Every structure is written in C-alpha cells, then in structure tokens.
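**Q** Structure in structure tokens, see below.
The values are calculated or read from the model by the stated rules, or taken from the named source; none is laboratory data. Model, not experiment: these values are computed from the prediction. Reconstructed Cβ throughout: ideal geometry from the backbone, glycine too, with neighbour counts over all protein chains shown.
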Amino acid sequence: MTGSPLAGYTVLDLASVGPAARTSRWLADYGAAVVKVGPTPKRGGVQITPPFYAYAGHRGMQRVLLDLKAATGREAFLRLAARADVVIESFRPGVVERLGIGYDAVREQNPRIVYCSTTGFGQHGPYSRWAGHDLDYLAITGYLDCSGRDAEGGPALPGATIADSAGGGLHAVAAILAALLRRTTTGEGTYLDVAVVDGMVSIMSLLVDEYLATGEVPGPRHGLLTGRYACYDVYRCRDGKWLAVGAIEPHFFANLCRGLHCDEWIDHQHDDAVQDEIRAAFSAAFGTRDRDDWVAQLGPADTCVAPVYSVPEMVDDPHLRARGTFVDADDEHHGAFRQVGWTLAGMDRDQPTPRTRDATVTDTDELLSAVGYTSEEITAMRDEGVVA
C-alpha cells in the first residue's frame, strides 16, 4: 500500500517524551505533518531531550521553540493552533489552562480542533495530580500482579514500556483518529482526556471482566493465558535459549505432543492434576536439542512455537527483514544507523531514507511566516527570547 492516510492533517505536539511523543510519532508515520513545540533555551530545563535515535529521531517532523509564559509566545502558539487539526499535550492537569493554551483557548481560535491531553491518571480523580511512569501504571492496573515472578517472588519487571506505548500512545492515536472521523460529519472538534491507566484497564479487560463476573482472582498461573497449563509456557533448550509455546487449540497441542514424542499427553491438555508432569516431559524433550533446531521443525508444523529472541536476534530475523520492518537512517552527527520503519498497517513504507536533525535545529521562521508573522516580527521575538 502506498500513500499517507493522514496527509493534509497538522498536529502540534507539546510533549518531549512518554505516551504523547509516541502518539505523534505514529501519527507522523501515517502521514500527518507533526510540529514539535518545545521551550526556548531559557525555559529548556522543564523538558527532557531524548537521545537522537528515540522516537525514530523525530523523522519527518518540524520543530518550533516558544516561550509559552510570554504573551507573544502564547499568541504565536494560538496562531499555529488556529490552523492545526490536533493538539497533543502531556502537562499535569491545569497547566495548559494556566498558560492560556488549554482547550477552551484553542477552541476559540479553531472550533474544529481535536485537543488531546495525555496523562498517567487522567484529568480528574484522586490520583490525577500524582507523578508516575510506566511501571506505576502497570502496577496500579493489575498487570504486574498477573505477570510472572522474579527470583525473589516479586512481580517481574516488563521488557518494554507497555503502559506508555499501548495504554497511552496507541490509546491516544485511536481516540484522535475517532475524533477526526467524527469531525468529518459534525464539523466540530473535541477534547480527549487520555489516561494511561484507562488504557491499561482496557488491555487487562479479559482478566478484570473474569473477576467481576465470577469472583475468580487472576494472577500468575491462574488461567490459560497466564501459564496455568503446560501448553502455554516457555521452555529452555539444550543451548540455554528459550522457546515460547502457545498451543491453545487441541489440534495444535496434539501436533506439539507428537513433535516432541510425548503422545501420551495429548488427551490431558487441561488436566490440572498432571500439568507438572507434562511440563517435565516437555522440558526434557526440549532439552535434547538447540532452540533453532526445534524452531525449524516445529514452527511450520502448526504447533504455535516461536523463539524467545534477544533484541539483536530479533532485528536480524529473516521474516522481519522480508517485511521491511527496519530501515536505514542517517543522522548529521552520528552517521548511518538502522531504526524501526513504518511498521503499522496502512503506513506508507515506500519512503526515502529518514534523516534526523540536531535537536537545536528549528523551523520557526517557516512555521510562523505561514501563520502571518513578518520577518521583522519574528526577528524581534527571537531577540526577546520568545522564540528560537
């Protein structure tokens, strides 16, 4: 598929890291024109500058630096917002209102604006002003308690920022796209209160709904998808590497048993009394050969087996290479490097080599000229430290 579904849409992103930065990254990868709005150097201490490769190096984005605490800086932002389709912010509740750039202020300039606030706990509620990060949102929504255990019996730390990415970033993308679709029929924008904890509760809904309906308390090894049965687990192979087994359906489980020469367990997939014995049999079988030997045999044999890759192994996997998952990029200071490409369905993968820029490079003159500022006005604002 070629073409950019969001071509013609403009997004102003006030965030530097976290869920909101992921949101604008995905929107840009779908073709939106994303403008990163950051503080001027004298205000720069309030934001984190991510490393050059983070968030795909902000490829394809523009940047403007504004002092939003100055009246002229606030006016410049509102002029930009008047021509935008989406504003994304991730300040604590109440901050954008105090700055004079909240939803009401922007809506006065642009009734069609889709204004998305992303926070950990949302705009209201007892925890709305709490500080937090990915691990906190995984903890409070039950995800950590239902996950595996570490050597000391505590919840194991996740290997990726699931809450920031799925509970926050993709949550915001879905909400923004739905709001833009609604706008095509109503002509009106909207305000979106995207809370990461709401997104994580949605992700946890299978387990949460089970508890609410039955009173069964979920946790590690509690249910089919959290390791209750040997058919859904990980196993060590002869070379010390691991395999993931997800043979949920009976015919997949039967294929697995036959492939491991453990046919005697085919009719006992969900027999709780013998799960330890099945695991022991599977472990013994997997321990006789190296991981990749098993993958070569079982992968194409309808057994729902996959290798547990390290990141270096994953990026060199032939299937992902064949799908164009990774692309070459270039940075003016760091040179050539690889990065995750346009991987989500519907993104235009036929794009030139991404080039990332130094974080100090801005498009301020071009962006402000487009909303009516003269070169003299821009120069005066820069001399005052209001823009950079």
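**Q** Given the condition touching a helix residue (DSSP H, G or I) at 6+ places or on another chain (Cβ under 9 Å) and of a type in the set (Asp, Glu), answer yes or no: does some residue in region 9-16 qualify?
**A** Checked against the condition, which is being touching a helix residue (DSSP H, G or I) at 6+ places or on another chain (Cβ under 9 Å) and of a type in the set (Asp, Glu), region 9-16 yields at least one hit.
**Q** Further question on the same structure: Identify, by number, the condition in (1) farther than 25 Å from Lys42 by Cα; (2) without any contact (Cβ under 8 Å) to a residue 40 or more places away in the chain that Arg289 doesn't meet.
**A** Unmet condition: (2).
**Q** Within region 134-182, can you find the residues that are in contact (Cβ under 8 Å) with a residue 40 or more places away in the chain and not in a helix (DSSP H, G or I)?
**A** If the condition is that a residue be in contact (Cβ under 8 Å) with a residue 40 or more places away in the chain and not in a helix (DSSP H, G or I), then Thr141, Gly142, Ser147, Gly148, Arg149 are the ones that fit.
**Q** Do you know which residues across region 175-189 are under 18 Å from Asp29 (Cα atoms) and surrounded by 15 or more Cβ atoms within 10 Å (Cβ to Cβ)?
**A** Ala175, Ile176, Leu177, Leu180
**Q** Also, I was wondering about something else. Just checking, how many residues over region 348-387 are among the hydrophobic types (A, V, I, L, M, F, W, C), surrounded by 16 or more Cβ atoms within 10 Å (Cβ to Cβ) and either assigned to a helix (DSSP H, G or I) or modelled with pLDDT of 95 or more (or both)?
**A** 6
**Q** So, Tyr191, is that one at pLDDT 95 or above, of a type in the set (Ser, Thr, Tyr) and in a loop (DSSP other than H, G, I, E, B) or not?
**A** The answer is no for Tyr191.
**Q** Which residue is surrounded by the fewest Cβ atoms within 10 Å (Cβ to Cβ), if the candidates are limited to region 270-304 and must be within 19 Å of Pro250 (Cβ to Cβ) and of a type in the set (S, T, N, Q)?
**A** Restricting to residues being within 19 Å of Pro250 (Cβ to Cβ) and of a type in the set (S, T, N, Q), the top hit is Gln275.
**Q** With in the same structural domain as Leu367 (by TED's automatic domain parsing), closer than 24 Å to Ala359 by Cα, of a type in the set (A, V, I, L, M, F, W, C) and not in a loop (DSSP other than H, G, I, E, B) as the only criterion, which of Val106, Val87 stands out?
**A** Of Val106, Val87, the one residue that is in the same structural domain as Leu367 (by TED's automatic domain parsing), closer than 24 Å to Ala359 by Cα, of a type in the set (A, V, I, L, M, F, W, C) and not in a loop (DSSP other than H, G, I, E, B) is Val87.
**Q** Cβ-Cβ below 6 Å, separation at least six or inter-chain, first residue in region 3-26 and under 25 Å from Phe52 (Cβ atoms) and in contact (Cβ under 8 Å) with a residue 60 or more places away in the chain, second among the polar types (S, T, N, Q) and surrounded by fewer than 24 Cβ atoms within 10 Å (Cβ to Cβ): which pairs?
**A** Pairs found: Arg22/Ser165.
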